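The values are calculated or read from the model by the stated rules, or taken from the named source; none is laboratory data. Given the structure is predicted, the values throughout are model-derived calculations rather than measurements. Neighbour counts run over all protein chains shown; Cβ positions are idealised from the backbone, glycine included. We work out accessible area using only protein heavy atoms, side chains counted, and drop any ligands, DNA or RNA first. Shrake-Rupley method; radii C 1.70, N 1.55, O 1.52, S 1.80 Å.
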2 protein chains.
Amino acid sequence: MVDQTLTLWFSEDMSNDLDTVFAALADPTRRAILAMLLEDDMAVTDVAEPFEMSLAAISKHLGILTKAGLISQEKRGRVKWCKLEPDALRAASVWMQGFGQFEPVNLDAFERFLEVELPSGED
Amino acid sequence: MVDQTLTLWFSEDMSNDLDTVFAALADPTRRAILAMLLEDDMAVTDVAEPFEMSLAAISKHLGILTKAGLISQEKRGRVKWCKLEPDALRAASVWMQGFGQFEPVNLDAFERFLEVELPSGED
DNA sequence: CGCATATTTAACCAAATGGTTGACCAAACC
DNA sequence: GGTTTGGTCAACCATTTGGTTAAATATGCG
């Protein structure tokens, strides 16, 4: 099962995926958006609200996150809802874990740190 | 203990670190270099050898990896040795794991995939 | 219909990225 | 001392990135 995964990992597709996922994660605004979406699905306008940046800029960020597969966007009525897609992180996470055999992280603590992370709390 | 770590995570420093680490990982050449260094420490020239790219370009990539803390470089004689620093990946890995509670990865399988990944095998 | 709301698109801009070549510096060798 | 070897630096170039504003496209509402 893992073997099957391995055959995929260094296809150019996979390398491409890692490119776009890591590039998407390299921007703090986008990481903050992901953290917000961890709490709940959100409309584009609501995602944009805490940032000091135009809606168009946020829309672009969301496009990048979508292309990386990190979120999905579904239009209901005139509102477009953004939803976290944590699976897209798996491949990247696995790639990284290979380098360090990191201990699993304490997720309760992680949730608490998110409260600090959220842009609404940063202002 | 984890709590202590948490207070650091959203300092601007930490966010900055994540920026540079993820940005460094977003390039396939640099990921390939990391994979090579996972096997053994290497001199700059030897790192460059499998790539169809100037030594200067590789030198730049190594600089970026160094700035991200992903490798260290030590000059012995006229040769500069590059060494993987897997710890730098930990923070980023932890950040990512928070989004998916991923299962730990099979590292034996990971080693085998590296044989495929190595640029010397890609040509 | 006519207007407000939600979001994207287009055109533009400055700065960063990933590469090149050629000059340069430092260590080793004959 | 002169030349090769190992590596960086500087200047340059094309492309991408992250942002802007203004116009365009839906959708919903009275």
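For segment A:34-51, give me each residue that is under 18 Å from A:Lys75 (Cα atoms) and in a helix (DSSP H, G or I). Working first, answer last.
Taking segment A:34-51 first, the residues under 18 Å from A:Lys75 (Cα atoms) are A:37, A:40-48.
Of everything in segment A:34-51, those that are under 18 Å from A:Lys75 (Cα atoms) and in a helix (DSSP H, G or I) turn out to be A:Leu37, A:Val44, A:Thr45, A:Asp46, A:Val47, A:Ala48.
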- With the condition kept exactly as written, say whether any residue in segment A:55-72 is open to solvent by less than 60 Å² (accessible area, probe 1.4 Å), within 12 Å of chain B (Cβ to nearest Cβ) and away from DNA strand D (no atom under 12 Å from the Cβ). yes
- Read through the list (1) more than 29 Å from A:Met14 (Cβ to Cβ); (2) within 13 Å of chain B (Cβ to nearest Cβ); (3) touching a Phe, Trp or Tyr at 6+ places or on another chain (Cβ under 9 Å), then give the number of the only condition that A:Glu39 fails. (3)
- Task: State which residue is surrounded by the most Cβ atoms within 10 Å (Cβ to Cβ) when the search covers only segment B:18-36 and only residues that are within 15 Å of B:Gly69 (Cα to Cα) and more than 9 Å from chain A (Cβ to nearest Cβ).
- Result: B:Ile33
- Residues within segment A:52-80 that are more than 9 Å from DNA strand C (Cβ to nearest atom), farther than 22 Å from A:Phe22 by Cα and not in a strand (DSSP E or B), tallied: 2
- Return a yes/no flag: does segment B:83-97 have any residue that is within 20 Å of A:Leu70 (Cα to Cα), more than 11 Å from DNA strand D (Cβ to nearest atom) and assigned to a loop (DSSP other than H, G, I, E, B). no
- Is it the case that B:Ser15 is surrounded by 14 or more Cβ atoms within 10 Å (Cβ to Cβ), within 8 Å of chain A (Cβ to nearest Cβ), among the polar types (S, T, N, Q) and in a helix (DSSP H, G or I)? yes
- Item | Selected residue (criterion: nearest to the chain's Cα centre (by Cα)) from residues of segment A:15-44 that are without any contact (Cβ under 8 Å) to a residue 12 or more places away in the chain and within 13 Å of DNA strand D (Cβ to nearest atom) | A:Arg31
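How many residues are within 23 Å of A:Gly98 (Cβ to Cβ) and within 13 Å of DNA strand C (Cβ to nearest atom) if we restrict to segment B:37-47?
Residues of segment B:37-47 within 23 Å of A:Gly98 (Cβ to Cβ): B:37-42, B:46-47.
Then drop every residue that is not within 13 Å of DNA strand C (Cβ to nearest atom), which leaves B:47.
Result for segment B:37-47: 1.
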